[in-house]
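Worksheet: one structure, shown below.
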Amino acid sequence: GGLLAPGCSSEREYPKDPSRSPESIFTANAVDGLMVWTSNSLLMTTTTPTGYPGGPLMRGPLGSSASLASSWSTLTDELKKATGDKDVADRDAGVVAIHQSPVDQDVLFLQGEGRYNWVTTDGGKKFTARPSPGVERPSLGRNEMIKFHPRQRDWLLMRTERDACDISTEASGCRYDLMATKDLGKSWMNLTAQSKGHIDGVRDFEWGVAMSHFYGRKTQDEDVFVTAYPGDERQRRGMYPGWDDHLRFYFSDNLFRSAPKLEVHCGNLFQIISNRLYLAMPSLCPVDPDGNPRHSGSGSIKDRSVTMYVSVAGTRFVEACLPASLEDDGYNLVGTHDDGGVFVLADHAEPGSMGPSSDYPSADAYAPAYNASLHTVSIADVYRRLYITDFARVEGVPGYFLANQVDRSMSTQLFSFLKTKLTRNGGSTWDLIAPPEEYRYTQCNTCAPGSTRDSCALHLHGPTSFFAPEGQHPNFYSIESAPGLVVSTGNVGAHLSFKQDADCTYVSRDGGLTWTDVAPYTAVYEIGPSGGTIVMAKHHSEGPASEIQFSLDQGACFHTIKLSKALLVDNIRVGRGDEADTFYVYGSVCSKVQDPLCTFEGGSTAQGMVFVVRLADMVADDWKACDVSSSSASYEDFDFGGACLLGRKRSMRRRAATGDDFCASPVGFKQQVTSKDRCQCTLADVECEFGYIRASEKLCVPMDDFSRDIACPRLADSKYLTSSSHWRLVHGDTCSNVNAVIPDTNGKGGGKGTDDAGSDSSGCHHASAMTSFFKFIVSMGATLVIVGVIWSQCMTPEQQAALLASISPVTSAARAAFEVALGVIVEAYTWAKRKVLSAIGSEDREYYEALRDTEGGLEDVSTTT
């Protein structure tokens, strides 16, 4: 053991009565990791014997009986019986994924491995079989992609694969169809066929209500976004050979019962994040989203290079300008804490490389743009492995992000070439992380005495490490309901090590500024939703685990729960709602040669194993809820050391690290960072403008061999104002007296003393075909027309809310009349806009998921088929 935390006089061991130990729940195959909670049960998927998703579904109860092996059952026979087909094989009753309605947690759609799916409306008590939709015959479920409607309980979209794809993905008849149902799969509409030849072969899709507004109006339930081949141009190369300029982006407002309302040439893949729709197009596309001729970069590579456009709240698409002369292979997008901005991580095509996989393994991170277009360098050389980058938010703490940066002085063929950095000001500056001041476990201190910060810092494993060929390492992890609490594996030294014996496990309670070593090995971990509880166990790379550790005070004290059997732990999950003190430890059986408590005695396939650990049951009489009153010693007020975060003092009430205060934060308890007084603007609140890079703490200089006008041609015609200081405010920063740092603008591209962000000719400030709308509706009252157009087209939802708040002293009747009048004007404007656009012919995945064509979006798709 290591040194006990200050104030932690002893570490406890449970259960005191060994007969109360949780029972091991065996599964025929490995646990897939997908667990879905309903109001009355837990459903868990397993894998096929070959390791692929799509195996027997298991069901268990909630509550204390969940830890009993006898209370769990495999649903294969029940699902087979529901089909009414006596010839259904066990494999065809396997479940690939469980989709839960965002409207009703008891409504589930089970995606089958074969040609059946199943639905339940009572949380898994009873299942009804639904044959998969298809063109020639029901499609294979394992190839389907399914999305529930965000607002309608029984509506789904499903992308299905045609039978020709079973022969070859390059067959001319191989393509995807898009199906829709409004009755949980009882009947389906083939939107590809329903389009009457407008689309043929769908690639990407999403419900329109994932955006608040699009096409000049609030999105409606039947709105859909799709990228597909046009119906009059039959594809000849099979299933999507890389970036393809024959694909198009479509918007339909009625599930394609009539012609699409918008068509954008070359649109391949899209992602919706922060109410922005990012659309990726091949760089060799001859036209822009408005249909105007566009210039392709001299370095553009057919089927590989890509350019990204963005539409904010449904306005016109504009190019996302990145200050780089290289072409792009793909992107990852990471939203900011306020859901108002997006970091773009661009995988640039290195000169002379043969493809994304042969590029240098890094992406450059570009900070959010005020006009959704002009991004600026935040941190270069973020480590990338295939479609994943080591860049993530510290959840709940505005402006805090972690990233692993490639040290270009080191060979990437070695085990050590990454340095972990933290930003506490939204990407303005990035710093190495100090190692712990004291160590609980002396073996975790691998720094030589007298080492400098550069040679002795704390380095943490990022998302790429979970898939590292050198061996799996759990990565830095935080949740929004526990602001500032971060858990990760890593090491101290000059670089991050990928050697299996180099890891310790660390916890930070202040967003990543200071850390404590809590285990001298590679652990896998989970954080309870109430913010105080951490549960961890040895990761399977460390061998079998016969116990787990838990902390009720954010890592100050860890206590032990003995398991009745040992297992190789893959992961730990936590329940939801009333089950928030229940943790699911799962993995596979281990050999008795490794540990006497292992159960595997040989054979072709090792079974999966799950332990359901209810902390309250394990602790029994010692369990109590913490006093959450303002005077309670179980909690403390934390102000981040008095530092300003994005221009404000901030504080939060967090679980106190008192050591011997053995109590659990009650279910439903929420911690949240609150904003206090504004701070005076300093250089910590600003970043360099588009096309400039930080040469020192106080100076931005032009980037080498880079032309702002070439990289973003419309910049010259925009009303975006660049300061002579070449500084701008970091996204989301609200510091006061900005002109003390930026003398001649408001720091957002607008004029000095104003509060607006500069325009990039997005239609709100420049003449276009839209100006004819005013002539059409001017008779309705010029002043109110302009107000209505600005309201719907040029104001963000936040600005709209602020305006309504500002007129709150007005009588409620007057305010209501104002809103009604605006509604009439906006509807007229929307109608006119549709008319004009039709005359001239003009994808959320949340969080850090890559934009690519698998579960994540659009990156490096030229490597896939």
Can you tell me how many residues in region 669-696 are within 30 Å of residue 581 (Cβ to Cβ) and at pLDDT 90 or above? 2
Among (1) closer than 30 Å to residue 288 by Cβ; (2) at pLDDT 95 or above; (3) open to solvent by less than 10 Å² (accessible area, probe 1.4 Å), where does residue 731 come up short? (3)
Starting from residues that are among the β-branched types (Val, Ile, Thr) and in a loop (DSSP other than H, G, I, E, B), keep the ones in region 99-140 and report whichever is surrounded by the fewest Cβ atoms within 10 Å (Cβ to Cβ). 103
When you check residue 424 against the structure, is it within 22 Å of the chain's Cα centre (by Cα) and open to solvent by 10 Å² or more (accessible area, probe 1.4 Å), yes or no? yes
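Listed here are the residues, each with its yes/no results for (1) part of a loop (DSSP other than H, G, I, E, B); (2) of a type in the set (D, E, K, R); (3) open to solvent by 10 Å² or more (accessible area, probe 1.4 Å); (4) in contact with a strand residue (DSSP E or B) (Cβ under 7 Å, 6 or more places away or on another chain).
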residue: 586; (1), (2), (3), (4): no, no, yes, yes
residue: 593; (1), (2), (3), (4): yes, no, yes, no
residue: 596; (1), (2), (3), (4): yes, no, yes, no
residue: 603; (1), (2), (3), (4): yes, no, yes, no
residue: 620; (1), (2), (3), (4): no, no, yes, no
residue: 631; (1), (2), (3), (4): yes, no, yes, no
residue: 636; (1), (2), (3), (4): no, yes, yes, yes
Of all residues in region 541-584, count the ones that are open to solvent by 20 Å² or more (accessible area, probe 1.4 Å) and touching a helix residue (DSSP H, G or I) at 6+ places or on another chain (Cβ under 7 Å). 3
Among the residues of region 468-487, is there at least one that is open to solvent by less than 10 Å² (accessible area, probe 1.4 Å), assigned to a strand (DSSP E or B) and within 22 Å of residue 382 (Cα to Cα)? yes
Some residue of region 365-379 being more than 24 Å from residue 691 (Cα to Cα), among the hydrophobic types (A, V, I, L, M, F, W, C) and open to solvent by less than 10 Å² (accessible area, probe 1.4 Å): no
Counted residues in region 201-214 being touching a helix residue (DSSP H, G or I) at 6+ places or on another chain (Cβ under 7 Å) and open to solvent by less than 10 Å² (accessible area, probe 1.4 Å) come to 2
Among the residues in region 697-708, are any modelled with pLDDT of 85 or more, crowded, with 21+ Cβ neighbours inside 10 Å and in a loop (DSSP other than H, G, I, E, B)? no
Being touching a Gly at 6+ places or on another chain (Cβ under 9 Å) and either open to solvent by 10 Å² or more (accessible area, probe 1.4 Å) or of a type in the set (Phe, Trp, Tyr) (or both) is the filter here, so list the residues in region 303-316 that pass it. 303, 304, 307, 309, 315, 316
For region 81-89, check the following and say yes or no: at least one residue is open to solvent by less than 40 Å² (accessible area, probe 1.4 Å), part of a strand (DSSP E or B) and either out of contact with any Phe, Trp or Tyr (no Cβ under 6 Å at 6 or more places or on another chain) or not aromatic (Phe, Trp, Tyr) (or both). no
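Suppose we keep only residues that are within 28 Å of residue 108 (Cβ to Cβ) and open to solvent by 40 Å² or more (accessible area, probe 1.4 Å) within region 155-177. Which one would you say is modelled with the highest pLDDT?
162
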Enumeration of residues in region 709-728 that are of a type in the set (A, V, I, L, M, F, W, C) and at pLDDT 95 or above: 727
Return the residues of region 317-326 that are surrounded by 22 or more Cβ atoms within 10 Å (Cβ to Cβ), outside any strand (DSSP E or B) and out of contact with any Pro (no Cβ under 7 Å at 6 or more places or on another chain); say none if nothing qualifies. 320, 322, 323
Mind counting the residues in region 680-696 that are in contact with a helix residue (DSSP H, G or I) (Cβ under 8 Å, 6 or more places away or on another chain) and in a loop (DSSP other than H, G, I, E, B)? 3
Among 217, 237, the single one that is over 22 Å from residue 179 (Cβ atoms), within 27 Å of the chain's Cα centre (by Cα), open to solvent by 10 Å² or more (accessible area, probe 1.4 Å) and modelled with pLDDT under 95 is 217
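The values are calculated or read from the model by the stated rules, or taken from the named source; none is laboratory data. Computed from a predicted model, the values in this text were never measured in an experiment. With ideal geometry, Cβ positions are generated from the backbone for all residues, glycine too; neighbour counts draw on all protein chains shown. Note: accessible area is taken over every heavy atom of the protein model, side chains too, but ligands, DNA and RNA are not part of it. Shrake-Rupley method; radii C 1.70, N 1.55, O 1.52, S 1.80 Å.
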